[in-house]
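The structure appears right after this line, and notes come after that.
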Amino acid sequence: MGLLIKGGKVVHHDRSEMADVYCANGTIQCIGLNLDVPADTEMVDAHGCLVMPGGIDPHTHMQLPFMGTVVSDDFYTGTRAALAGGTTMIIDFVIPAPQQRLMDAFSIWREWAQKAASDYAFHVAITWWDKSVYDDMGTLVNDEGINSFKHFMAYKNSIMATDDILVGSFNRCRELGAIPTVHAENGELVFYLQQELLAKGITGPEAHPLSRPPLVEGEAANRAIHIAGTLGSPIYIVHVSTQDAVDAIAYARAHGQEVFGEVLAGHLLIDDSVNQHNDWSFAAAHVMSPPFRPKEHQKVLWDALKSGTLQTTATDHCSFCVEQKAMGREDFTKIPNGTAGVEDRMAVIWDRGVNSGQLSVNDFVAVTSTHAAQIFNIYPRKGSISKGADADIVIWDPEATKTISASTHHQNVDFNIYEGMQVRGLPIKTISQGEMVWNEGELDTPRGRGRFIRRPPYPPVYETLTKRNRLSKPESIKRD
Ligand code: URQ
Ligand code: ZN
Ligand code: ZN
């Protein structure tokens, strides 16, 4: 039985239209008015509402083992909460331990994600390098539907990718038609500043941002951009949080380089005052990397999102309960880094972005869904309301209101960084794979209904890139 979404305004990333949407067999069958649909079609009333592509969160870490503990949301609870917030797909991360075969780690994460309630994909992290990593990257792209590889430039003595790894992996990405992504913080500088702060006896969560000042992100973003530009690979900078990194991205893009940037809802809305809070647990609950920044960076981030310098929004959902954060009670470097937010991303960006007039409704669709689908090569199957696309749709009531709270959210964590925030504009219905999974406050998300979404490689990048700042095809490099 199909669904007919009637009476709404369909909002695409580039235009809007009054139209009905008929979904059946998990996909969008037709869009228009006075549609002729089967008699047993279920009617969904969207009058007064907007009908948008389901959100895509390109940056989450469900049930990640990290810093001696495990993220409290698993692939079921985390994706269930995402659906309640209008997000119908996440892109999570396979993070092999150094020396662990990529294919082995991939199998482990695939198993964990079997329980997901929404569709999902994976970026695979490159945390070490040898011929097996090179080979496994090829297997993942050619056989497993992976087209993006993550590099943590931070987290020294753990998963940090040094420059030699960046060079080898970015070049391999170029060969395979994959996109490298980076967590851009200079891990050596962070480590040095952490040791310096501890030596001075500064051990509380207030030290965390002091060990990761904006230049630490700006330097790493510049370095990654220049390595990618030299090798001719595109690059995607995750959780851009500073003017320093925005400036690096804007300069590179203005000079024709293929650079994409992501901003977290948290960094758009929350400033560094949270780090100075006199309650240890409150300050520790906000410890994430990159840290929350002084307010002036937030305006730059909003302007970059509006102007297209940054293209996507994400959450970096990496939830730790209060007692997990207490692992760093004596030493801030041991506070598990991460905050939650997969359920609230769309509502908080709508409230602070669209209601404030900073973003149009079409911009909202672009930065919460369409751009991520386009960059990670699953558009228009995902991120669009078009014939043949997956029926992943959110029905948005621009006048619905709520107060965000850990006491009412669906995330499996006892803290919410948006606690008490009042928002206007909410997802009142979420449709995933053509099924009503979130309906006026009720979730219907059977465990394991989510699918692993394969993402094809890009056409060989050296066939599509301009010649500027690029190596030409390797075999055509003239050697004298
Ligand atoms: O660095 C990341 O993106 C992961 C490990 C989540 N933690 C965080 O603080 N952002
Ligand atoms: Zn990160
Ligand atoms: Zn992350």
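The values are calculated or read from the model by the stated rules, or taken from the named source; none is laboratory data. This one's a predicted model, so the numbers in the text were calculated from it and none came from an experiment. With ideal geometry, Cβ positions are generated from the backbone for all residues, glycine too; neighbour counts draw on all protein chains shown. For accessibility, only protein heavy atoms count, side chains too; no ligands or nucleic acids. Shrake-Rupley method; radii C 1.70, N 1.55, O 1.52, S 1.80 Å.
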Residues Lys387 and Glu196, FRET efficiency given R0 of 51 Å [Cβ-Cβ distance, rounded to 0.05]: 0.30
C-alpha center-to-center spacing [the stretch 301-373, the stretch 224-258] in angstrom: 20
Whole-Hz couplings from phi, Karplus 6.51/-1.76/1.60, listed for the stretch 385-395; x for Gly and Pro: 10, 8, 4, x, 6, 4, 7, 10, 9, 10, 9
Nearest-10 value in Å² for the accessible area of Thr69, using the 1.4 Å probe: 30
Area accessible to solvent at Arg447, 1.4 Å probe radius, in Å²: 150
Placed amide H near Lys150: partners under 5 Å, 5+ positions off or other chain: Val124, Ala125, Ile126, Thr181
Heavy-atom accessible area order for Phe66, Phe364, largest first, 1.4 Å probe: Phe66, Phe364
Amide H partners (placed H, <5 Å) of Gly261, local residues excluded: Ile237, Gln311, Thr312
Within the accessible area of the stretch 386-459 (1.4 Å probe), percent carbon and sulfur: 48
Residue-span extension gain [Asn439 to Lys299] - 0.36 nm each, minus C-alpha spacing: 46.9 nm
Along each principal axis, Cα extent of the chain, largest first, Å: 69, 64, 41
Where the chain is the region considered: accessible area per residue in Å², 1.4 Å probe: 36
Rounded if a/c under 1.5, otherwise prolate or oblate - the stretch 328-384, Cα gyration tensor axes: oblate
In order through the stretch 200-217: 3J(HN,Hα) via Karplus (6.51 cos²θ - 1.76 cosθ + 1.60), integer Hz, x for Gly, Pro: 7, x, 8, 10, x, x, 5, 7, 3, x, 5, 8, 9, x, x, 5, 5, 7
Residue order for Tyr134, Tyr155 - accessible surface, 1.4 angstrom probe, largest first: Tyr134, Tyr155
Asp136 accessible area, 1.4 Å probe, all protein chains in place, Å² to nearest 10: 10
Given Lys131/Lys200; Lys299/Lys325; Lys150/Lys325, the pairs whose alpha carbons are separated by over 31 Å: Lys131/Lys200
Pairwise centroid distance, computed over Cα atoms, of the stretch 390-435 with the stretch 56-89, Å: 15
Rg(Cα) / (2.2 N^0.38 Å) computed for the stretch 59-106, rounded to two decimals: 1.28
Karplus (6.51, -1.76, 1.60) ³J(HN,Hα), θ = phi - 60°, over the stretch 219-234, in Hz, Gly and Pro reported as x: 4, 5, 4, 4, 4, 5, 4, 6, 5, 5, x, 5, 8, x, 9, x
